[in-house]
Structure formats: C-alpha cells, structure tokens
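Participant: What follows is a single structure, and I will ask about it in a moment.
The values are calculated or read from the model by the stated rules, or taken from the named source; none is laboratory data. Keep in mind that this is a model prediction, so the values were computed, not measured. Note that we place each Cβ from the backbone using ideal geometry, even for glycine, and neighbour counts take in every protein chain shown.
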Amino acid sequence: MADAATGTEAGTDSGPSQPLSRERLRRRRDDTDVESAAHSEHGSAGPPAIAAGGPRSTSVVEILGADKSFHGVQALRNLSIAVAESRISVLLGPNGAGKTTAIRLITGALKPDRGQVLVFGLDPSGPDGEEIRRQCGVVSAKPSLYDRLSGRDNLRYAAELYGLGRGAKANRRIDDAADQFGILYALEQQVGGYSTGMKTRLALARAVLHEPTLMLLDEPTSGLDPESAMAVLGMVRDMTDAGRTVLMCTHLLLEAEGLADQVVVVDDGTDLVAGRPVDLADHYWPTPTVDFTAIVGSDLDQLSRAPGVVGFQRQGPTARLELDSPGRVPQLVRRLTADGVSIEAVVPYRPSLEDLYFAIRREKLSVDVNGGGAGAGPGALPGGER
Amino acid sequence: MRLSDRPPTNWGRVVTVARTDLRQLIQARDFWLPMSLLGAAFFVVVPTILLLTITQIGSVDVMNRVSETLDVLPASAQSQIEGSSPEGKTGYALAVFLFAPVAVIVPLTISTAVGAATIVGERERGTGEFLAHSPADAREIYLGKLAASLIPGYFTVVVGFTCYSVIVNLLVGPSVGRWFFPTPQWWVMIAWVLPPFLALCLSLVLRLSARVSSTAAAQQASGLISLPLIMIAYSQATGVLFGQGYLPVVVGATAWVLALMSLRRGVRSVTRSRLLGVAN
C-alpha cells in the first residue's frame, strides 16, 4: 500500500461542531484494526511506500486495493492510499488518473467493485456512511452550486442537509464561513451572476460550513486566475492549521509544491508512489546533487570525469552533478579555479515536485516497457541524459 | 444495502430538498409563466367565455347544440343536473360534467414537467455531485424531489379550482339558485382521486428522470408515460363525476394502492451513482 500516512505525527483534533458524533467515529475507528485488514485481505500489491522515520500516524482515510470500473472502463486498478490526520495530502496525477473517483469512494458516493475503503475506520458505503459524510467537506472540480439561488440560499441548503438547522446559530455560521472565504458581500446575489472565483469561494465556504474534520478538494483552483488560485491555496493551508485533514486532487504540480505534506502520485487508476516530498526526493535522488554554473558552460565538461562525480548533465552554462559525497564540492571548485574557469554559482540542487513527478512517471514507463527490468530507476536525473 | 440496514428517514431533510427545489422553481420564470398561462386558459379563460355565451347571451343555436351533447350523459349524471331554466341547466352540466375533467390535464402536465427535469437536472448542472456527497439518504432525496414535483401540480389544482368555482358560481349560480360548485363528487375528486394519479404519474416520471441522460430526453420520454396516464385520469375523473355512491371512493383507493406500489419501487431509482451520472 502506498502510505502517505507514514512519517508524520498525529495532529490534534480541532473543535468542530459535532463533538459527540466525532467521538463516536473515533471510538469506532479505534475498534477497527485497519492495518490487519489491509495486509490480510490485499497484501502489498501496490508499489512500495516510501517510508520515512518517525512514529506511525493515524490514517483518516485508507483505500485498500480498490478497483472501480464504469461501463467496462477501468477507472481504478488496485488503488491503495492512506491519508494522514491533520495534514495536506495531495493526490497528484494527470486527467483521468482516477482522482475524482477516489474522492467519490471516500464519501461513499460510489462503492468499489473490489477492495476496501475505510474512513475514520468505517465503511462509507455502509450504514455509517451518513455519519462519515457529515464529517466530510467536499469541493468538486465544478463548484456544484445552484445558479438560481442566492449564495445565502446555497449555504442554507447545505446547512440544513448537514444538520445545522435553520436558526440564528446556522445563520451566524453561514456568515462566518462566507466571511472566512471573502464572499460575504455577495451572499444575497444570485449565484448565476458570480464569477468563477466567487463560485469557488462560495463552494469552499459551503464545504467548511458544518466544520468537517476531513476536507476533500477536487481541483479546487480549476478555472481560477493565478491570484485567486494562490488565495485559495492559502485558505487550504489555513484549514490544516485549524486541525483539519485535507486531501486535495490536482494535476497542477506547481499547486502542490510547497503545500503538500504528503504526495500520492496516481496514474491510470493506480497509485505509483506516496510519501513526503522530501522523502520522495531522497529516494529518487539518493546522492548529493549540485548545480555548477560557469560563464562558459563547456568549461564544466571536464567535471564529468572528475573523481567522486557519479552523474553529469549539462544544459547551457549549468551542469548538474551527482556526487558520491557532499565533501567533493570544495575539491571540484578548487579544480575549476585552478584551470581558470570563471564560476558564477554553485548551488545544491533541490528537486521540485515537477522533477519528482516526471522521475516517477519515467520510472513507471520504464517498468511498463521493460517489464520491471532495468530502466531509469530511482536516481535518474530528470530533463536530460546521464 | 438491505432495507433494514438503512437509517430511519430524516423528514427534515426531505422537506429541505423539497423546499430548495420549489425555491428554484419560483426563480424560474421561464417555467412558471407558460404553466400559469396554461392553467389560466383551462381554469379561467375558456370556461368564462363558454359559460358567458350560454348564460348571458343565450344564443338559441348554441343552446341547442349543447343540449344535444348533454343527451349523451348517463342517466345518473342527468338526474343530478340542477337549474331553473334551460340556460341554467346547460350551464350546470357544462360546469360540472364537461369542463372540469379537462382541467385534470393541467396539474398532471405541470407536475410531469417539473418531475422530468428534477433528477437529471441535478446531474446536468453538476449539483448532483453535491447531493451525492451530502449526508442525505438517496431515499430522502427521492421523497424530497417527489414532493417538489407534486406540490406545484396540486397547488394548481387548489388555485385553479378555486378560481373555477368562483367563475362557475358567479355565472351559473344565479340560474341554479345557489352557489353549487364544487359538488360532493368534485370534493372527492380533488381530495381523493386526483392526488394518487399525480403520485402515480410522478413515480414513473422520476424513475425516468433518474435514468435518462438529459432533461430533453426526460421530457420526451415522460410525455410517452404521462399521456396515457392523463387519459386514464381524465376518464376516471369523468366516471367519478357521473357515478354515485362508492364508485369515486373505489377508484381513488385503487389509484392510491397503485401509486404507493409504484412509489415504493421508484425509491430505488435514485442512487448516488445516478446523481453523479456514472451508474453502470
């Protein structure tokens, strides 16, 4: 199972509106041995998890070897993911990878054809589904708002369905949620007249209205301008600061960069790999990597044969070197200086999520083509030849 | 999930779904304006013109033609006709036996139009996703949608027949010597016979709405379903009005049994996967 829940500490529970209900879920979860179910029923069919150090955290969501197909088209194949409590987990993958279907399994809107889904340790498609859905706040790729109703009526509808009622308390909560996402000023307007950004803000307000513990965000910045997208991502970060668990789906790597506490890369309905970005980077780039930049790029080519250099790749004035030890850097600088090479910069390379994503994809492609044999493998440098 | 595993129905949520659907309907002027015109035509305009023609103008030619038509009424119906003058008797017969059953068509048409769009509409607008993820049980959503489709139709019955009663009593009442409409048979018809026919029609239309891929397809297909039902409702309404004794009660009871059976089956048609539009 690709386990994004490893390597993090269990977060604290915030104080949302229905403590009794949540306590009941927690007790039920404690009674359920998720781990034994996972291993006995499904084994470890998926790719290996990138395990990190630290204590095992509580998983709010566990999808275990789930298959799902629609009209003969397989949307999920043995998908296994775990979402850690009070963290932002990002489901990263191209369009059609199965991200939305995974969210639908989590709320119990769909039932897997095979495999198991546990949310708070319970089956969302079973009798506990209502209780689980009450603890979930969902923002869909399309905002799913009623255009003919006002913003307030949309929120009121959600408030009533999620059991907040219709009284003054519910109205206060509506105002607070709308204010939190900067849409209070437009609450009396008909949603049909809203811009895409306003609709997303209202959808976010609706999703947090009942103060859920688990937020499920499916491409929440879809269709937004960069400024609004940044604002929304900031709001997502604020959600975990308030103790919520967030699972966000996106195909935009930049969106996940800096936001994700854990990443699960999915493709073709299968989880490829999961873990903290830093752990994944260490896995795919196990050796120290340094970028050298010189005024004349070709002057750096001599480093490809230098002792301790295990990988070399140059693009223009910058060469990326993989070293057997960080201690090699001063030696290499001395060597270049002695040869009269004008060095502009020496910077440790930190792979971006984009680099990571393409390294993972490249590895999968290699495994697909070679049937699991030799290939690019972990450590392959993205974007060039070795 | 077995039925016994299901949590009890949360009627508050049923009311919420129904109220929200009705609120949207009120906002949809492009829907209720033509439907109001349809109702006005059947309940107000046509009866007013015809009854005025008979009772006020008193055209001999028109009277003769209508009287010939009244001869085909069964004896049980003819014995009920009241009125002190030929114009009054003709007006009474027209008001009670000929116009009113036609108006059954209006509520059924309105409810069918609302019901056909209700579930597939959620899917088309993408709001089905919101409902599918919500704590509301599929059964509660179904019942809410059913109520939201039933209420406009029955509201039309109440408002339409109130207007119709006023018109009939004002125009024909003086000839009969009293305000006579609704007659006892009409009370039974409005309160006992019409509601189950509306429910029966809607149970089929909602099932259809949950399955088809677009509102246009739902409207087309619901026409095929509702048209025969409208004809049956019309004929039953006529029979109820012509008949006496227990007949209206029996017709209503049979319609209720059929409606409840159909509604029970219809509950299963709304599922979360259908709200999402991904049902296999």
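Participant: Conditions first: (1) away from chain B (no Cβ under 14 Å); (2) within 20 Å of B:S134 (Cβ to Cβ); (3) free of Cβ contacts under 8 Å to residues at least 12 places away in the same chain. A:G165 passes all but one, so which condition is the exception?
Facilitator: Just one mismatch for A:G165, condition (1).
Participant: What are the residues in the stretch B:255-280 that are touching a His at 6+ places or on another chain (Cβ under 7 Å) and either away from chain A (no Cβ under 14 Å) or within 17 Å of A:I103 (Cβ to Cβ) (or both), if any? Spell out the reasoning first.
Facilitator: The initial filter retains those residues of the stretch B:255-280 that are touching a His at 6+ places or on another chain (Cβ under 7 Å), namely B:280.
Matches in the stretch B:255-280: none.
Participant: If you don't mind, another one. Restricted to the stretch B:41-53, and to residues that are under 19 Å from the mean Cα position of the chain (by Cα) and touching a residue at least 24 places away in the same chain (Cβ under 8 Å), which residue is nearest to B:V96 (Cα to Cα)?
Facilitator: So, considering only residues that are under 19 Å from the mean Cα position of the chain (by Cα) and touching a residue at least 24 places away in the same chain (Cβ under 8 Å), the one nearest to B:V96 (Cα to Cα) is B:P47.
Participant: Looking at the stretch B:73-86, I want the residues that are farther than 15 Å from B:F99 by Cβ and have a partner that is charged (D, E, K, R) and surrounded by 17 or more Cβ atoms within 10 Å (Cβ to Cβ) with Cβ atoms under 6 Å, at least 6 apart or on another chain. Which pairs are those?
Facilitator: B:G83/B:K89
Participant: While we're here: Considering the stretch A:112-121 alone, what residues qualify as being surrounded by fewer than 20 Cβ atoms within 10 Å (Cβ to Cβ) and either of a type in the set (D, E, K, R) or in contact with a Ser or Thr (Cβ under 7 Å, 6 or more places away or on another chain) (or both)?
Facilitator: A:D113, A:R114 - these are the residues of the stretch A:112-121 that are surrounded by fewer than 20 Cβ atoms within 10 Å (Cβ to Cβ) and either of a type in the set (D, E, K, R) or in contact with a Ser or Thr (Cβ under 7 Å, 6 or more places away or on another chain) (or both).
Participant: Name the residue, out of A:P143, A:P124, that is surrounded by 24 or more Cβ atoms within 10 Å (Cβ to Cβ), modelled with pLDDT under 95, within 13 Å of chain B (Cβ to nearest Cβ) and assigned to a loop (DSSP other than H, G, I, E, B).
Facilitator: Numbers: A:P124 fails: modelled with pLDDT under 95.
Criteria check complete, one pass: A:P143.
Participant: Scan the stretch A:107-121 for residues that are at the interface with chain B (Cβ under 9 Å from one of its Cβ atoms) and of a type outside the set (S, T, N, Q) and jot them down.
Facilitator: Scanning the stretch A:107-121 gives A:G108, A:A109, A:L110, A:K111.
Participant: Select, from A:T221, A:T200, the only residue that is buried (at least 17 other Cβ atoms within 10 Å of the Cβ), away from every other protein chain (no Cβ under 12 Å) and either at positive phi or not in a helix (DSSP H, G or I) (or both).
Facilitator: So the residue among A:T221, A:T200 that is buried (at least 17 other Cβ atoms within 10 Å of the Cβ), away from every other protein chain (no Cβ under 12 Å) and either at positive phi or not in a helix (DSSP H, G or I) (or both) is A:T221.
Participant: Then there's this: Suppose we filter the stretch A:262-303 for residues that are surrounded by fewer than 21 Cβ atoms within 10 Å (Cβ to Cβ) and part of a loop (DSSP other than H, G, I, E, B); how many remain?
Facilitator: 6
Participant: So, one more: Checking A:G96 against (1) within 21 Å of the chain's Cα centre (by Cα); (2) within 11 Å of chain B (Cβ to nearest Cβ); (3) not in a strand (DSSP E or B), only one condition comes out false. Which one?
Facilitator: For A:G96, the exception is condition (2).
Participant: Report those helices (runs of 4 or more DSSP H) wholly inside the stretch B:109-225 carrying at least 1 residues which are within 19 Å of B:Q24 (Cα to Cα), away from chain A (no Cβ under 14 Å) and β-branched (V, I, T). It would help to see each step written out before you state the result.
Facilitator: Working: elements: B:127-133, B:138-171, B:173-176, B:184-188, B:194-211.
Here the list reads B:138-171.
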